[in-house]
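Chemist: Before I ask anything, let me first share the structure, which is written out below as structure tokens.
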Amino acid sequence: MSFGAVRVRFAPSPTGYLHVGGARTALFNWVLARQAGGAVVLRVEDTDRSRHVEDSVGKILDDLRWLGLDWDEGPDVGGDHGPYFQSHRLDLYTGHVQRLLDSGDAYYALETPEELAALRGDAKERKGVLKYQRPDPLPTVEQGLAARADGRLITVRFKMPERDIVVHDEVLGEVRIPREELEDFVIQKNDGGPTYHFACVVDDELMNITHVLRGQEHLMNTPKHVAMQEALGFKTPVYVHLPLIFNMDGSKMGKRDKEKAIKAGLEPPEIDVHDFRAAGYLPEALLNFISLLGWSPGDDREQMDLAETINRFTVSRVGAANAKFDRDKLVAFNTDWAARVDAERSLEALRDFAHVSGSPLAGADDKTLAHLLRACAGMRTFRDVENKSAFLFVEDDSIAYDEKAVRKVLAKNEGAGFAMLDTLLSTLRDLDSWEADLIDGALKAICESRDLKLGAVAQPLRVAVTGTTVSPPIQDTLVLLGRERTLKRIEIAGKQKAPA
Ligand code: GLU
């Protein structure tokens, strides 16, 4: 079957932030379109008001942009196949429902929500799930219209053909769904709006979608879609169902992981793209990592930028088996990417992190941030930069001195560390200027004159000015802090002698 130019769609439902699985779907669709010189359509599937989460469209679009995945048609950019919000297309769906009613491929189903709930309850008691039994004879259109006119909450159902449905999937091959597993399903809800299935099928046709890549969780929706396409005289796009994404322990990766962690008093894991963004990951690294969830380029190559992914991507190398989300591997990817991107890009990404995470880094100027980035070379994520630079953002007289650090580094050996602070105070006060080289030279000179290792000088100084034993290299720490604040902190640290 030929479709002309490739057209794919990304079709998020605005039910919250963009899940990493959704980002992987968006990425594979995007890559396929870019490879073929085709078009990416962004369609917002917002017909289910009960699941709608305020602001989520803006958030999803913003996180897609952060990832660098753009769209050729959709919200903000427009296009020839709009509107791109399903809630603005309701008349179109109603028209196509009418076509199916007219052809006898759909019928009014007169059960009210209460009646269906009762049937579902009965089925549950028998430890089963409700399978909808087609009424015989079918309600007539007149009966349906009369019931609606009476205010009865009824639906329209699609009449499933009396045969197995075969789905052709590019990864899974032919998937045959036996007739007994299929039932007549709702295409128009009791409020007159379309169900997801119906709106999706109508829009895939009207938007000329040629390829549908989506998660395997949708596989059992596809026979419904294929059957409706046949009844409506629509084309069937090429389907590619992508493997599910699991945690390393084999459990499903989802929102519930966060709830579970919070209940157990643990830090919730990152699940949505936004979580990774606010945790200090680079979009380059996250994209690279998720591109390998269910796809591999075929050799041992793993670190790829988007251009290379576009070059190498083939649907034939998408797997069928569940993918595992290896967080350690993601951290390793991010560490490598952080070392690889240039200074300007790194600064831009750090600014974004500071902004979305509400980090104190947001208040720092570009010069300070650029210096911090150099001083934190080897970082895993921007969170490391934040942690290592926390000392910059506390008031000099509010530093929380880590008791253990004070004991081990300052008080031990009859207060050798404290004594070193006195030496440092006078040496640093007298430096001609406050530059890394000069500071370095001064510290080395103290080491040489007293036959000490650098740690014996640098660690007391670090504890004095940061309260902890972790910070960027000592010269950077001091330059960032400035002379005045450094000297003030050394004096304040000297007063910590008492608890020791
Ligand atoms: N709106 C659906 C979702 O968010 C998309 C389903 C599809 O790709 O057909 O899961």
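Chemist: Using the structure shown, decide if L350 is touching a Phe, Trp or Tyr at 6+ places or on another chain (Cβ under 6 Å) and either among the charged types (D, E, K, R) or crowded, with 16+ Cβ neighbours inside 10 Å (or both).
Modeler: Yes.
Chemist: Check off (1) farther than 20 Å from L64 by Cα; (2) more than 16 Å from the ligand (Cβ to nearest atom) for D203 and give me the number that stays unchecked.
Modeler: Here D203 clears every test but (2).
Chemist: Next question. Considering each of L293, L232 in turn, give the residue that is at pLDDT 95 or above, touching a helix residue (DSSP H, G or I) at 6+ places or on another chain (Cβ under 7 Å) and farther than 30 Å from D105 by Cβ. First the steps, then the outcome.
Modeler: Working: L232 fails: farther than 30 Å from D105 by Cβ.
Matching residue, one of L293, L232: L293.
Chemist: Identify all residues within the range 424-451 that are surrounded by 15 or more Cβ atoms within 10 Å (Cβ to Cβ) and either without any contact (Cβ under 8 Å) to a residue 40 or more places away in the chain or in contact with a Ser or Thr (Cβ under 7 Å, 6 or more places away or on another chain) (or both); write none if there are none.
Modeler: T427, L428, L438, D440, A442, L443, I446, C447
Chemist: Going by the conditions given, is R24 more than 25 Å from N288 (Cα to Cα) and of a type outside the set (A, V, I, L, M)?
Modeler: Numbers: more than 25 Å from N288 (Cα to Cα): no; of a type outside the set (A, V, I, L, M): yes.
The answer is no for R24.
Chemist: Right, another one. Just to verify a result, which residue in the range 182-200, among those that are within 15 Å of the ligand (Cβ to nearest atom) and of a type outside the set (A, V, I, L, M, F, W, C), is nearest to L153 (Cα to Cα)?
Modeler: G193
Chemist: Okay, next question. Taking the residues in the range 206-226 that are in contact with a Leu (Cβ under 8 Å, 6 or more places away or on another chain) and part of a helix (DSSP H, G or I) as candidates, determine which candidate is nearest to the ligand (Cβ to nearest atom).
Modeler: Let us first name the residues in the range 206-226 that are in contact with a Leu (Cβ under 8 Å, 6 or more places away or on another chain), namely 206, 211, 213-217, 219, 223-224.
Now narrow it down to the ones that are part of a helix (DSSP H, G or I): 206, 216-217, 219, 223-224.
Working: L206: 14, Q216: 12, E217: 8, L219: 11, P223: 13, K224: 11 Å.
Only one residue tops the list, namely E217.
Chemist: Regarding the range 11-30, can at least one residue be identified that is surrounded by fewer than 19 Cβ atoms within 10 Å (Cβ to Cβ), of a type in the set (V, I, T) and within 11 Å of the ligand (Cβ to nearest atom)?
Modeler: Scanning the range 11-30, I find at least one residue that is surrounded by fewer than 19 Cβ atoms within 10 Å (Cβ to Cβ), of a type in the set (V, I, T) and within 11 Å of the ligand (Cβ to nearest atom), so the answer is yes.
Chemist: List, please: which pairs have Cβ atoms under 7 Å, are six or more places apart or on different chains, and start with a residue in the range 10-27 that is in contact (Cβ under 8 Å) with a residue 12 or more places away in the chain and hydrophobic (A, V, I, L, M, F, W, C) and end with one that is within 9 Å of the ligand (Cβ to nearest atom) and in a strand (DSSP E or B)?
Modeler: Every condition considered, the pairs that remain are A26/F10.
The values are calculated or read from the model by the stated rules, or taken from the named source; none is laboratory data. All values derive from a computational prediction rather than experimental measurement. Cβ atoms come from the backbone with ideal geometry, glycine included; neighbour counts cover every protein chain shown.
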